[in-house]
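To start, the structure itself, in structure tokens.
The values are calculated or read from the model by the stated rules, or taken from the named source; none is laboratory data. As the structure is a computational prediction, the values presented were derived from the model and not from experiment. Reconstructed Cβ throughout: ideal geometry from the backbone, glycine too, with neighbour counts over all protein chains shown.
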Amino acid sequence: MHLSQFLPHLVGIIFIILMIGFLMNTFRQPQLVGYILAGVLIGPAGLALAPDIATVEELGALGVTLLLFFIGMEVSPRQLISGWKIAILGTLFQIIISVLCTWGMGLWLDWPLSRSILLGFVISLSSTAVVLKLLQDRGELDSKVGENVLLILLTQDLAVVPMLIIISLLGDSAPSHNDLFRQIGGGIFLLLFSAWIISRDQIRLPLIRHIRGNHEMQVFTALLICFGMAFISGILNLSAALGAFIGGMLVATAKETEWVHHALAPLHVVFVAIFFVSVGMLINIEFLRDHLAQILSLAVVVLFTNTFINATILRILDNTWHDALYSGALLSQIGEFSFIMVAVGLNANIITQNAYQMTIAVIAISLLASPLWASLIRWIANREQFTH
């Protein structure tokens with residue numbers, strides 16, 4: 001019997017993930033930290049068990065899509081609308097202040113304005129996958145902190161589109177009129193579709209009654225809703241994960257969440273894990289070793305700065321210092337869409353290859369440190385002087 005050449009690699013990958021997972025459980029650390037560490041060992045800088053980073057990144061993107069689909073089934077659309085002030089003002093001020101901070105640093109380091117804007121956009125985006133996984137694991141998704149953080153994360157996902165347009169305009173090539181039309185029209189379509197979902201008490205999905213009791217058909221129906229909405233969003237030049245989130249709201253309004261959760265739960269676990277593994281694979285060990293002090297210093301500055309910016313904004317928007325600090329810490333890391341942002345900046349000749357590698361390393365380290373940082377700030381916030 002012919003043995004596939006990939007099978008030993010697959011066994012090794014699963015074994016490493018499992019062993020590091022046991023280690024994380026022993027020290028009571030989040031599993032996502034273990035996935036990132038596994039990615040470092042599995043990737044080309046480690047044992048090279050999965051040298052094709054591009055394929056792993058594509059699979060990881062499916063994990064983010066599934067994650068947003070599940071979150072869409074769990075949140076209340078009306079709560080999202082009622083928190084528009086947090087969503088719009090919180091996100092807008094956070095992006096503006098981040099860009100001003102990098103612009104000030106750019107003046108000191110003699111950066112061109114385009115680089116300052118790009119890096120400001122990069123550090124302003126938090127990781128939807130990391131934060132929502134933390135909130136789910138801690139049972140805090142339905143808390144006030146969870147609702148506020150979710151509002152900001154979703155608004156950040158919407159803000160990625162104009163950010164990418166601005167970066168393209170600052171670089172060597174501008175987006176076509178056709179792309180701009182699709183993005184604007186697509187945004188209006190998704191907003192109107194979301195408003196229609198919110199306005200309905202219940203939506204009847206076609207053919208649903210024919211698949212009750214048929215697990216196999218339920219799996220493929222759930223996948224069609226999730227990735228179908230993601231596909232529609234993607235061809236409109238918008239975030240595919242955002243389309244999946246709206247698909248989750250559609251399923252929730254149809255009151256069909258129980259069997260969808262059951263059908264897709266195993267795939268959700270696997271693909272979300274692959275996403276975090278892909279983050280670990282991006283860490284270049286040699287580059288990290290040669291620039292360790294600089295990378296760690298920048299990562300610490302990012303965590304401190306983002307926590308302070310977000311906490312201050314949320315405190316101004318009538319949150320307690322306790323909730324504001326914890327929310328700020330949850331949003332302090334640099335997100336997965338920043339990988340796309342910095343790659344676009346490199347292709348547009350806004351940053352150099354060395355700056356690209358540095359930024360990728362800082363993003364990965366901030367993601368790796370995020371759970372411990374959030375736990376530390378939560379412990380500080382729970383002290384008496386931060387309870388009001």
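For Gly185, which of the numbered conditions (1) at pLDDT 80 or above; (2) under 20 Å from Thr128 (Cα atoms) fails to hold?
Failing condition for Gly185: (2).
Please work out which one of (1) within 30 Å of Phe220 (Cα to Cα); (2) of a type in the set (Gly, Ala, Ser); (3) buried (at least 21 other Cβ atoms within 10 Å of the Cβ) is the condition Ala254 fails and give its number.
Only one criterion in (1) within 30 Å of Phe220 (Cα to Cα); (2) of a type in the set (Gly, Ala, Ser); (3) buried (at least 21 other Cβ atoms within 10 Å of the Cβ) is unmet by Ala254, namely (3).
Kindly provide the set of residues from the stretch 24-44 that are assigned to a loop (DSSP other than H, G, I, E, B) and either crowded, with 21+ Cβ neighbours inside 10 Å or modelled with pLDDT under 75 (or both), ordered by number.
Arg28, Gln29, Pro30, Gly43
Just to be sure, is Asn284 touching a residue at least 60 places away in the same chain (Cβ under 8 Å), buried (at least 19 other Cβ atoms within 10 Å of the Cβ) and of a type in the set (S, T, N, Q)?
It is false that Asn284 is touching a residue at least 60 places away in the same chain (Cβ under 8 Å), buried (at least 19 other Cβ atoms within 10 Å of the Cβ) and of a type in the set (S, T, N, Q).
Going through Ile211, Ile184, Ile232 one at a time, which residue ends up being farther than 24 Å from Ile340 by Cβ and not basic (Lys, Arg)?
Of Ile211, Ile184, Ile232, the one residue that is farther than 24 Å from Ile340 by Cβ and not basic (Lys, Arg) is Ile211.
Name, by its number, the condition in (1) buried (at least 21 other Cβ atoms within 10 Å of the Cβ); (2) at pLDDT 85 or above; (3) out of contact with any Lys or Arg (no Cβ under 8 Å at 6 or more places or on another chain) that does not hold for Met341.
Here Met341 clears every test but (2).
Yes or no: Thr305 assigned to a helix (DSSP H, G or I), polar (S, T, N, Q) and touching a residue at least 40 places away in the same chain (Cβ under 8 Å)?
yes
Considering Ser168, Ser194, which residue is assigned to a helix (DSSP H, G or I), touching a residue at least 60 places away in the same chain (Cβ under 8 Å) and more than 26 Å from Val260 (Cβ to Cβ)?
Exactly one of Ser168, Ser194 is assigned to a helix (DSSP H, G or I), touching a residue at least 60 places away in the same chain (Cβ under 8 Å) and more than 26 Å from Val260 (Cβ to Cβ), namely Ser168.
Could you list, in sequence order, all residues of the stretch 308-326 that are of a type in the set (Val, Ile, Thr) and either at pLDDT 95 or above or assigned to a loop (DSSP other than H, G, I, E, B) (or both)?
Once the filter is applied, which keeps residues that are of a type in the set (Val, Ile, Thr) and either at pLDDT 95 or above or assigned to a loop (DSSP other than H, G, I, E, B) (or both), the stretch 308-326 yields only Thr320.
Can you tell me which residue among Ile20, Ile88 is in a helix (DSSP H, G or I) and surrounded by 18 or more Cβ atoms within 10 Å (Cβ to Cβ)?
Ile20
Considering only residues that are of a type outside the set (Val, Ile, Thr) and at pLDDT 90 or above, which ones fall in the stretch 257-299?
Asp290, His291, Leu292, Ala293, Gln294, Leu296, Ser297, Leu298, Ala299
Could you pull out the residue among Phe93, Phe70 that is assigned to a helix (DSSP H, G or I) and modelled with pLDDT of 85 or more?
Only one candidate passes the filter, namely Phe93.
Could you say whether any residue in the stretch 292-302 is farther than 16 Å from Leu125 by Cα, touching a residue at least 60 places away in the same chain (Cβ under 8 Å), surrounded by fewer than 17 Cβ atoms within 10 Å (Cβ to Cβ) and of a type in the set (Val, Ile, Thr)?
No; the residues of the stretch 292-302 include none that is farther than 16 Å from Leu125 by Cα, touching a residue at least 60 places away in the same chain (Cβ under 8 Å), surrounded by fewer than 17 Cβ atoms within 10 Å (Cβ to Cβ) and of a type in the set (Val, Ile, Thr).
Scanning for something of a type outside the set (A, V, I, L, M, F, W, C), surrounded by 20 or more Cβ atoms within 10 Å (Cβ to Cβ) and either touching a helix residue (DSSP H, G or I) at 6+ places or on another chain (Cβ under 6 Å) or part of a loop (DSSP other than H, G, I, E, B) (or both), does the stretch 137-144 turn up at least one residue?
Looking through the stretch 137-144, none of the residues is of a type outside the set (A, V, I, L, M, F, W, C), surrounded by 20 or more Cβ atoms within 10 Å (Cβ to Cβ) and either touching a helix residue (DSSP H, G or I) at 6+ places or on another chain (Cβ under 6 Å) or part of a loop (DSSP other than H, G, I, E, B) (or both).
Would it be correct to say that Ser143 is of a type in the set (S, T, N, Q) and farther than 17 Å from Trp373 by Cα?
Here the answer is yes, as Ser143 does meet what is asked.
If only one of Val122, Val130 is buried (at least 22 other Cβ atoms within 10 Å of the Cβ), β-branched (Val, Ile, Thr), within 15 Å of Gly280 (Cβ to Cβ) and within 20 Å of the chain's Cα centre (by Cα), which one is it?
Answer to the selection: Val130.
Among the residues that make up the stretch 171-189, is at least one of them assigned to a helix (DSSP H, G or I), of a type in the set (S, T, N, Q), in contact (Cβ under 8 Å) with a residue 24 or more places away in the chain and surrounded by 13 or more Cβ atoms within 10 Å (Cβ to Cβ)?
So far as the stretch 171-189 goes, yes, one or more of its residues are assigned to a helix (DSSP H, G or I), of a type in the set (S, T, N, Q), in contact (Cβ under 8 Å) with a residue 24 or more places away in the chain and surrounded by 13 or more Cβ atoms within 10 Å (Cβ to Cβ).
Out of the residues in the stretch 221-256 that are at pLDDT 85 or above and farther than 19 Å from Leu192 by Cα, state the one that is nearest to the chain's Cα centre (by Cα).
Phe227
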